[in-house]
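Take a look at the structure below.
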Amino acid sequence: MPEAIRARIAAVSAHLPSRYRTLDETRAKITETGGGYSPPPGLLEDLTGVRGVHVHEVGENASDLAVAAARSALDEAGLKIGDVDLLLFASTSQDLIEPATAHLVATKLGASCPVFDIKNACNSFLNGMEVAASFIETGRYSTVLITCGEPSTLATRWHLPDREDLLRALPGYTASDAGAAMVLTAGPAGDGDPGILSLRFVSNSPAWEACTVAGGGSMHHLSVHDDHTTLRLNGDLRQSALDVLPQIMDTAGEELRAAQAGAYSFIAFHQIAMPQYREVIDTFSLPEDRCMPAVAEHGNCAAASLPLQLAKAREADRIESGDLVAMIGLASGFSFGLALVRW
């Protein structure tokens, strides 16, 4: 009988552009745009609990952010691009509608392996881990590079007629730019061996309209309307999550109860603003000392949010060899995901 194989994380990396825009600077730009409404000083900070966001350079694309992170991850893993069997681009963003952005990332890295994109809003990276782990566990590929590039600030709305429009566009003011990458390799699946131990996913697809970026698809092809090209709340995204909470507990209850009991050294979860950060901790009864409020300083990095938290936790020695780590994905659509990893 062949030995069981487990996908293990050989490296994880995040890239944050050096440009930084405070929310006070965002408020000033909204005012300068002259849409009719100017937020009072401090309002954006009070509503979101976020100080500012990272901003990509002019001419820098999603693939460029992904490549910067990928190079760091390969270096950390001690690998060359030629060692990679499969390259995935898993992100909310993309360089083009066609072809897959994975091809642009591969070209810039000099990769010649198979590539494709994975897209599921802010759970894209977690779904990328699911796909990569499945391929590795079946023996199809042994080394997979997951990349992500998020120029999310492109979805910020600047033209605001009134306060109601501000509130609908609020997620766009914490949207932050980042790149992320993870190298997954094949290893043994014995007791105590490192790697991805479990993956759980739940969807509430009828809630898809609650939060959208509508432009560019067949509904609003080549749209230049603000409401179609920026992040927009059309409904109660929070309620979308609460509606599916019983199904989440049925699917991932064991792992979440272990998190509540302090079984994990670190818990990363997708963050869009500080009120939502607090609500997730309260909803799932997570130990706050095992979490990181990355959104307060770095903003909402979309699908790069989870790997960013892992990279920051590694830098701070909050994740060490042998530790159990949980990754909780929350995304418009609505979808929930959980990965349990032994480092």
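The values are calculated or read from the model by the stated rules, or taken from the named source; none is laboratory data. Every value quoted in this text rests on a predicted model; they were computed, and no experiment measured them. With ideal geometry, Cβ positions are generated from the backbone for all residues, glycine too; neighbour counts draw on all protein chains shown. Note: accessible area is taken over every heavy atom of the protein model, side chains too, but ligands, DNA and RNA are not part of it. Shrake-Rupley method; radii C 1.70, N 1.55, O 1.52, S 1.80 Å.
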>> Looking at the structure I just gave you, is L231 open to solvent by less than 50 Å² (accessible area, probe 1.4 Å) and modelled with pLDDT under 75?
In response: yes
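Given the criterion surrounded by fewer than 20 Cβ atoms within 10 Å (Cβ to Cβ), hydrophobic (A, V, I, L, M, F, W, C), modelled with pLDDT under 95 and farther than 26 Å from G322 by Cβ, identify the matching residue among L154, L160, L166.
Values: L160 fails: surrounded by fewer than 20 Cβ atoms within 10 Å (Cβ to Cβ); L166 fails: surrounded by fewer than 20 Cβ atoms within 10 Å (Cβ to Cβ).
The unique qualifying residue is L154.
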>> Filter segment 82-106 down to the residues that are surrounded by fewer than 20 Cβ atoms within 10 Å (Cβ to Cβ), under 20 Å from M129 (Cβ atoms) and hydrophobic (A, V, I, L, M, F, W, C) and list them by number.
In response: A100
> Would you pick out the residues in segment 150-192 that are more than 17 Å from V84 (Cβ to Cβ), touching a helix residue (DSSP H, G or I) at 6+ places or on another chain (Cβ under 8 Å) and assigned to a strand (DSSP E or B)?
Replying inline: E150, P151, A175, D177, A178
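Find the helices (runs of 4 or more DSSP H) located wholly in segment 34-147 whose residues include 3 or more that are within 17 Å of C301 (Cα to Cα), and list them. If you could, list the steps in order and put the result at the bottom.
On the way: elements: 43-48, 62-77, 101-109, 124-137.
Of the helices (runs of 4 or more DSSP H) lying wholly inside segment 34-147, those with at least 3 residues that are within 17 Å of C301 (Cα to Cα) span 62-77, 124-137.
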> Going through segment 293-340 one residue at a time, which ones are under 21 Å from H54 (Cβ atoms), out of contact with any strand residue (DSSP E or B) (no Cβ under 7 Å at 6 or more places or on another chain) and outside any helix (DSSP H, G or I)?
Replying inline: P293, A294, A316
> Which numbered condition trips up S112, out of (1) touching a Leu at 6+ places or on another chain (Cβ under 6 Å); (2) farther than 25 Å from L199 by Cβ; (3) of a type outside the set (F, W, Y)?
Replying inline: (1)
